[in-house]
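Read the structure below first, then the notes.
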Amino acid sequence: MYPSVPAANTLAGKVILVTGAAGNIGGAIAAHCLSAGARVVMTGRDPARLAAARDGLLAATGAAPEAAVPAILEGGDPDSVRAAVARALDACGRLDVLVNNAGSAGPRQPLAAVPFDAAELGALRAAGATDTETAGAAARSLLGVAWNVVRAAAPSLQPGASVIHVSTIFSRTPYYGRAAYTVPKAALNAFSALLARELGPRGIRVNTVYPGPIESERIHAVFAAMDALRGGAAGTTAAHFLGTMSLARAGEGESPRPRYPQVADVVAAVAFLASDASAALNGQGLEVTHGMAVPDASPAVLLAPPELTGDALAGQRVLVAGGTPVADAVAMAQAVARSGARVLLGLPDAAAVSMAAQLLAGLPGADQIAPLRVDRRRPATIASALAGSPLSAAVLLPAGVRGTSRGLATATDADVAALLDDELVGAMALARELSRHWQSRPPAGGTPRVVFLGGGDGEADAFAPLRDAGVAQLIRVWREEAATPREGDPLPLQAHLLLRSGAGGPADLDLAARHVVALLGTGQAIEQIALAL
Ligand SMILES: NC(=O)c1ccc[n+]([C@@H]2O[C@H](COP(=O)([O-])OP(=O)(O)OC[C@H]3O[C@@H](n4cnc5c(N)ncnc54)[C@H](OP(=O)(O)O)[C@@H]3O)[C@@H](O)[C@H]2O)c1
């Protein structure tokens, strides 16, 4: 006979943890879960705000007080998250569903103005900005919070459990002035996809919801701020995104028209993924966007190794910023110098700088390479390295934070902090200093060129996909900002993420270096952001 299909609208008996449950969408998710029969652990940072939200939910749903368990959780602090999860397990005995909904707005500034420390944030606020977070804090409040919850809760999740990440469609589109928000969200998308593969064999499924612009005061304020930042007429941003939606939708008594999806639409997608009706879905993304068109993110594959001449980069001055291993950065610097460029070889600390000097000693072309300190955790060191040397291009290697075969759910606090600070925030710090540099010193040829190096050695490095997704989004936003004319005119930019094959070793790096030189040396414009070897 016909199979019985689990209802998408019942969550009876489930224990569901919702982060950011005192917020707009989180509150609506919690309310629905309570109404659908679940027990809900509501997290929030502020006890009074959380208590008020809980009172409101109990009044609105008529749920029993013990059905809504409050838990204070500061997502960027792993100890706070562990304590909240322990409290939830203590109170409820188990967790069946994690809804990683919490997420802050991050600094709303073009890359050149993104704040990285308290002093820079203070200066922005003194000048009238309403931002409340640095880029590092935002990364913790967007990716850190979800990762910390997963690490704390994963050991106690049982087969049949569901983990849901609330991302944003804008982590996959250009989004002017919002790199600090969308870069960690893009890394969250990769985190969610990888985690699905990691936890799937234990019977735990992991999926992502991509809300589009959701009808709320927040989105109207965000789009108005974006119009102002980019010097566009009021309504430009809204009109652009409404124009990318394939679905017109009727309101009550109205004909269909382009409009934003509602909070209830996001709740419905989350509820489906929480319910047993979605028991066969793993590693999927549900786009709650009215069918917004999103750019294709698949990489262009670069096939033949380019033929290079010794003067492909003659007259250029190029930053090669490296991390660990130092030898990779030295090899890349040598390849760039062999093609005629003078190279600033930026390395994170004095020890790495002196190691590079030793590796270079006596080698041909070493006199064209100047090793110096470029610490992506301290943007001032990048600024002082770039001062006095007008650059035409930059090659940015990963900082070198590697995930181990242990995976994402078992990463340590130090692993998470390093991935956030060195790879994601560090890449934004490099981009900020380069965009400031090129705003004041446009390169002679007109278009600055940037190649980020990504990829790596596949299965052995569980963090590379997070870093690469974040960097690809950084490039998406940076390109858009550079192409948007306004006062002070940032320049157009050629920027790519070059993905190493995954074979590892010197031959792999040599091939990447040949492609880097070709990308920096030719006037060829390639539309795709990611280029795979
Ligand atoms: N609104 C939209 O148009 C839209 C579009 C796409 C995606 N989204 C995503 O949807 C989710 C909910 O957004 P919303 O519109 O409901 O915003 P919201 O009302 O501002 O709620 C955000 C929630 O995140 C929590 N949060 C922020 N940083 C945190 C941290 N470090 N630790 C713990 N909790 C933290 C806040 O907790 P407190 O209550 O403690 O402040 C707040 O409850 C976010 O992930 C957002 O990115 C929203």
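Each value in this text was obtained by applying a stated rule to the coordinates, not by laboratory testing. Note that this is a predicted model, so its numbers are computed, not measured. Every residue, glycine among them, receives a Cβ derived from its backbone with ideal geometry; neighbour counts consider all protein chains shown.
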(request) Assign one of three labels to segment 105-146, namely rounded, prolate or oblate, based on the Cα gyration tensor with a ≥ b ≥ c the square roots of its eigenvalues; rounded applies when a/c is under 1.5, prolate when it is not and a/b is larger than b/c, and oblate otherwise. (result) prolate
(request) Would you pull out the residues with amide H under 5 Å of Val40's amide H, same chain only if 5 or more places away, H placed 1.01 Å from N? (result) Ile16, Ala68, Val69
(message) Can you work out the Karplus-derived ³J(HN,Hα) for every residue in segment 104-114? Use 6.51 cos²θ - 1.76 cosθ + 1.60 with θ = phi - 60°, whole Hz, and x for glycine or proline.
(response) 8, 8, x, x, 9, 9, x, 3, 4, 10, 4
(request) Please name whichever of Pro107, Ala53, Leu89 sits farthest to the positive end of the charge dipole of segment 50-110, dipole taken about the Cα centre and charges placed at Cβ: Lys and Arg +1, Asp and Glu -1. (result) Pro107
(request) Let me know the charge dipole size of segment 338-497 about its Cα centre in debye, to the nearest 20, where only the beta-carbon of Lys, Arg (+1) and Asp, Glu (-1) is charged. (result) 460
(message) Can you divide the C-alpha Rg of the chain by 2.2 N^0.38 Å and report the result to two decimal places?
(response) 1.00
(request) Using only C-alpha positions, report the orientation-averaged shadow area of the convex hull of segment 1-140, nm², one decimal. (result) 11.7
(request) Set the Förster radius R0 to 35 Å, insert the Cβ-Cβ distance between Ser246 and Asp117 as r into 1/(1 + (r/R0)^6), and round the FRET efficiency to 0.05. (result) 0.25
(message) I want the local charge near Ser80. Using Cβ-Cβ distances under 10 Å, sum +1 for each Lys or Arg and -1 for each Asp or Glu among the other residues.
(response) -1
(message) If I take every Cα pair under 8 Å that is 6 or more residues apart in the chain, average their sequence separation and divide by the length, what percent do I get for the relative contact order?
(response) 14
(message) Under the rule a/c < 1.5 gives rounded, and otherwise a/b versus b/c splits prolate from oblate, where does segment 353-500 land using the Cα gyration tensor?
(response) oblate
(message) Amide H of Arg500 versus every other amide H placed in the peptide plane: which residues, excluding those fewer than 5 positions away on the same chain, fall under 5 Å?
(response) Gly454, Gly455, Gly456
(message) Residues of segment 249-272 with backbone nitrogen within less than 19 Å of a virtual label 7 Å along the Cα-to-Cβ line of Ala293, please, listed as ranges.
(response) 249, 257-261
(request) For segment 324-396 and segment 283-307, compute the distance between their C-alpha centroids and round to whole Å. (result) 32
(request) Assign unit charges at the C-beta atoms only (+1 for Lys and Arg, -1 for Asp and Glu), then state the dipole size of the chain relative to its Cα centre in Debye, rounded to the nearest 20. (result) 160
(request) Using θ = phi - 60° and the Karplus relation 6.51 cos²θ - 1.76 cosθ + 1.60, list the HN-Hα couplings for segment 69-82 in order, rounded to whole Hz, with x at every Gly or Pro. (result) 9, x, 9, 6, 9, 9, x, x, 10, x, 5, 4, 5, 4
(request) Please sort by residue number the GluC sites (Glu not before Pro) in segment 232-329 whose DSSP state is loop and whose Cβ has at most 12 other Cβ atoms within 10 Å. (result) Glu252, Glu254, Glu307
(request) Work out from phi, with θ = phi - 60° and the Karplus expression 6.51 cos²θ - 1.76 cosθ + 1.60, the ³J(HN,Hα) of each residue of segment 427-443, listed in order in whole Hz, and give x for Gly and Pro. (result) 5, 5, 5, 4, 5, 4, 5, 5, 5, 4, 4, 7, 5, 8, 9, x, x
(message) Need one number: nm distance between label points at Ser255 and Asp90, each 7 Å from Cα along Cα→Cβ, rounded to one decimal.
(response) 6.0
(request) Pull out a ≥ b ≥ c, the square roots of the eigenvalues of the alpha-carbon gyration tensor of segment 291-419, then state rounded if a/c is under 1.5, prolate if not and a/b is larger than b/c, and oblate in the remaining case. (result) oblate
(request) Based solely on C-alpha atoms, express the radius of gyration and the Dmax of segment 147-201 in angstrom. (result) 13.3, 41
(request) Pull up all non-local amide H partners of Leu286: gap of 5 or more, or a different chain, and H-to-H distance under 5 Å with H placed in the peptide plane. (result) Thr208, Val209, Tyr210
(request) Taking every pair of alpha-carbon atoms in segment 258-348, give the share separated by more than 23 Å as a whole percent. (result) 60
(request) Determine, for Leu344, Leu408, the number of other Cβ atoms within 10 Å of each Cβ, and report the residues in order from fewest to most. (result) Leu344, Leu408
(request) Name the residue farthest towards the positive end of the dipole of the chain from the options Leu247, Thr236, Phe170, assuming +1 on Cβ of Lys and Arg, -1 on Cβ of Asp and Glu, about the Cα centre. (result) Thr236
(request) Would you mind working out the magnitude of the charge dipole of segment 1-120 relative to its Cα centre, with +1 at each Lys and Arg C-beta and -1 at each Asp and Glu C-beta, to the nearest 20 Debye? (result) 360
(message) Test of the criteria: in segment 344-392, which trypsin sites (Lys or Arg not before Pro) are in a DSSP loop and have at most 13 other Cβ atoms within 10 angstrom of their Cβ?
(response) none
